[in-house]
Amino acid sequence: MSETFEFTKEELAEIDKIKAKYPDKKSPVMPVLWLAQNKFGHVEPEVQQLVAKTLDIPAAHVYGVVSFYTQYYGTRKGKFVFDVCTTLTCQLCGGYDILHHLEDKLGIKAGETTEDGMFSIQSVECLGACGYAPMMQITNGVYCNHLTKEKVDRIVDDLKAGKMPEFEQIPFPQHQNESSK
Amino acid sequence: MSVDWKNFEPVLLPKIPVLHKIDVYEKNGGYDQLKKVLKDWTPEKVTNEVKAANIRGRGGAGFNAGLKWSFMPKPDGGPRYIAANGDESEPGTFKDRQIFEYNPHLFIEGAIIAGFAMSITAVYVYIRGEYKDWIDMMQKAVDDAYAKGYLGKNILGSGFDIDMYVHSGAGAYICGEESSLMESLEGKRGYPRVKPPFPAQKGLWGRPTTINNIETLANVPLVIKNGAEWYTGIGAKNHPGPVLYGISGHVNRPGVYEYPTGMSINDLIYDVCGGVRGGKKVKAVIPGGSSTPPLRGDQLEGVCMDADSLRTAGSMMGTAGMIIMDEDTDMVDVLWRISHFYHHESCGQCTPCRDGTGFLEKTLIKIRDGHGEMRDLDLLLDLCTQMEGRTICALADAAAWPVRYTVTRFREDFEKRVKNTVYALA
């Protein structure tokens, strides 16, 4: 029972638009992999073959790109992937506490996926939100900042109920507290 | 001497609500500088003005942007590119995303003016893949600029054509290195290239290319509007201009702040960020992202955030992503985490870096877990010597510097840890 992977006509039109941005046929591989991953949830070898065929480039090249960049899922992950930042500032501000709390809560370790295929946890390198540490990203998407154990619990419950956390706009501090000068 | 920062009004991220919308940006004088340049200025005049302003690259290297532009060869009719670097992966750095979110058109206008100065045909904006939401914001801003005729063919009837494309990375620190960024844009693994040839000679797809940081390009319209003299009058003499300080760690009010360069580190910690959490003392400050050497809390007096002052103090400006650590911080643990980062992010092309970062991490784990010996500290320093300057790109140096300077400047922390080790005499 092998799955088949194909792009629809609309997606192929979208890929043609992407191709027009670059002068050669190898260059669109990254955006097309993103498109494929957003559609299929991963870029396993069959999907890599599809991308290679669509762009008329060697599958080995596509594999090389997938294996270099951490955000491409060369193997399947859970429906929701928690990328918990533990680098430097997040480490200083308790990123590992958040990671371990999440591990205990879901009963898996970083790098693993829950049995029901719902959640994966990854300990990741700096995500560029150092001022709002500790933080995590959900499935290459929304950033959840200023995490506490309670906030993590809430996020997990919301996701179980099918509700994705919203984008948090963090105001620029200089625009707020004029009085602090 | 510290600069007058209390009366400084932000210009990169001014206090104007919803400035990210193109209509609001235009109402506040947006794209006027582009109109002025296209109407009256020559490309040479733009380059000279920017060179005179001495905008030092905000991505870390601190090179004069205008001077970099002047390295581009004469146009030969073929394509020429700008790669705008929004990879922003250096731990401690989170400033460019504020521009994507709050003032994207300032950057776009700056990039178009830079494009005019260098006869560029296309600008590729490289943004790290994790910034999905900010990539969408930037794409929206680019689409709006196209719709208003600031991008595309024959901009504002001037006969100048330029395109702008947003490219998403996919999680690789190394792609912030300029040649690796170009490899990534070309759809390859992000392996840095050997230089020379430099990007101005052979860059993207073998064509002349200039790579500038997002914040650097956002400064350009300000220079055109107010003149180089105004710009050099802000902040430190040899490193002028407004700068986005990203301050994080153990301070009461972390975040991104826009102030002149040359601010004293103590002012930033105590006046801007409200001091250290819990009223504790500062143990260490990393001034410009994880690769810049950390300074001890007791050597901060009089140290200012500009290239000269920091060089004298024994560090670098980097990306101005400051990380403050309080007196309870375990420097061994921090240094291990930094080394883990570089080990993870080494692309693996050069042996001194691929293996060196691994040895550094392993040795630090040994010390962290209480199995270290005195000689391991010498081993760490020796490893740094074997890595520095021996690789294609600067990642090996970026990995070695924090180790070298943390071990030497916080030696008592490391000695205490290894001396506690009990090992049998053979």
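The values are calculated or read from the model by the stated rules, or taken from the named source; none is laboratory data. Predicted model only: the values in this text are computed from it and were never measured. Reconstructed Cβ throughout: ideal geometry from the backbone, glycine too, with neighbour counts over all protein chains shown.
Observations on the model:
- Test: residue in the stretch A:172-181 that is of a type in the set (Gly, Ala, Ser) and part of a strand (DSSP E or B): no
- Residue within the stretch A:121-130 that is outside any loop (DSSP other than H, G, I, E, B), among the small types (Gly, Ala, Ser) and under 20 Å from A:Trp34 (Cα atoms) present: no
- Qualifying position, being over 18 Å from B:Ala145 (Cβ atoms), of a type in the set (Asp, Glu), out of contact with any Ser or Thr (no Cβ under 7 Å at 6 or more places or on another chain) and not in a helix (DSSP H, G or I), among B:Glu44, B:Glu9: B:Glu9
- The set of residues in the stretch B:88-119 being touching a Gly at 6+ places or on another chain (Cβ under 6 Å) and farther than 24 Å from B:Ile22 by Cα consists of B:Glu88, B:Ser89, B:Glu90, B:Gly92, B:Thr93.
- Test: A:Thr139 is closer than 14 Å to A:Lys77 by Cβ and either within 14 Å of chain B (Cβ to nearest Cβ) or surrounded by 17 or more Cβ atoms within 10 Å (Cβ to Cβ) (or both): yes
Conditions (1) touching a strand residue (DSSP E or B) at 6+ places or on another chain (Cβ under 6 Å); (2) within 30 Å of A:Val62 (Cβ to Cβ); (3) among the β-branched types (Val, Ile, Thr), marked per residue:
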{"site": "B:Met164", "(1), (2), (3)": "yes, yes, no"}
{"site": "B:Ile174", "(1), (2), (3)": "no, yes, yes"}
{"site": "B:Lys195", "(1), (2), (3)": "no, yes, no"}
{"site": "B:Thr216", "(1), (2), (3)": "no, no, yes"}
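- Residue among A:Pro165, A:Pro134 that alone is in contact with a Cys (Cβ under 7 Å, 6 or more places away or on another chain) and either surrounded by fewer than 21 Cβ atoms within 10 Å (Cβ to Cβ) or at positive phi (or both): A:Pro165
- Looking across the stretch B:84-116, the residues that are at the interface with chain A (Cβ under 10 Å from one of its Cβ atoms) and either basic (Lys, Arg) or in a helix (DSSP H, G or I) (or both) come down to B:Lys95, B:Asp96, B:Arg97, B:Gln98, B:Glu101, B:Tyr102.
- Leading residue by the ranking (farthest from A:His146 (Cα to Cα)) among those in the stretch A:66-101 that are more than 7 Å from every other protein chain (Cβ to nearest Cβ) and touching a Phe, Trp or Tyr at 6+ places or on another chain (Cβ under 6 Å): A:Val66
- Only listed residue being of a type outside the set (Lys, Arg), under 24 Å from the mean Cα position of the chain (by Cα) and within 18 Å of B:Pro91 (Cα to Cα), chosen from B:Gly314, B:Gly302, B:Gly288: B:Gly288
- For A:Thr139, the conditions (1) touching a Ser or Thr at 6+ places or on another chain (Cβ under 7 Å); (2) touching a residue at least 12 places away in the same chain (Cβ under 8 Å) are fulfilled apart from (1).
- Qualifying residue in the stretch B:257-274 (condition: under 22 Å from B:Phe100 (Cβ atoms) and either without any contact (Cβ under 8 Å) to a residue 24 or more places away in the chain or over 19 Å from the mean Cα position of the chain (by Cα) (or both)): yes
- Filter result for B:Glu88 (in contact (Cβ under 8 Å) with a residue 12 or more places away in the chain, on the phi > 0 side of the Ramachandran plot and in contact with a strand residue (DSSP E or B) (Cβ under 9 Å, 6 or more places away or on another chain)): yes
- If you go through the stretch B:338-356 and keep only what is touching a residue at least 40 places away in the same chain (Cβ under 8 Å), polar (S, T, N, Q) and closer than 17 Å to B:Pro192 by Cα, you end up with B:Ser346, B:Gln349.
- Output for the stretch A:24-40, where each listed residue is surrounded by fewer than 16 Cβ atoms within 10 Å (Cβ to Cβ) and more than 13 Å from A:Phe7 (Cβ to Cβ): A:Asp24, A:Lys25
- Sole exception among (1) in a loop (DSSP other than H, G, I, E, B); (2) free of Cβ contacts under 8 Å to residues at least 12 places away in the same chain; (3) over 24 Å from B:Arg253 (Cβ atoms) for A:Met164, by number: (2)
- Identification of helices (runs of 4 or more DSSP H) wholly contained in the stretch B:284-398 with 3 or more residues that are within 14 Å of chain A (Cβ to nearest Cβ), among the β-branched types (Val, Ile, Thr) and crowded, with 18+ Cβ neighbours inside 10 Å yields B:331-345.
- Scanning the stretch B:357-398 for residues that are within 30 Å of B:Leu181 (Cα to Cα) and of a type in the set (S, T, N, Q) returns B:Thr357, B:Thr385, B:Gln386, B:Thr391.
- Residue in the stretch B:12-24 that is in contact with a strand residue (DSSP E or B) (Cβ under 7 Å, 6 or more places away or on another chain) and either at pLDDT 95 or above or acidic (Asp, Glu) (or both) present: yes
- Those residues of the stretch A:7-43 which are within 21 Å of the chain's Cα centre (by Cα) and polar (S, T, N, Q), in sequence order: A:Gln37, A:Asn38
- Listed conditions (1) more than 21 Å from B:Ala307 (Cα to Cα); (2) over 18 Å from the mean Cα position of the chain (by Cα); (3) assigned to a loop (DSSP other than H, G, I, E, B) are all met by B:Asp4, apart from (1).
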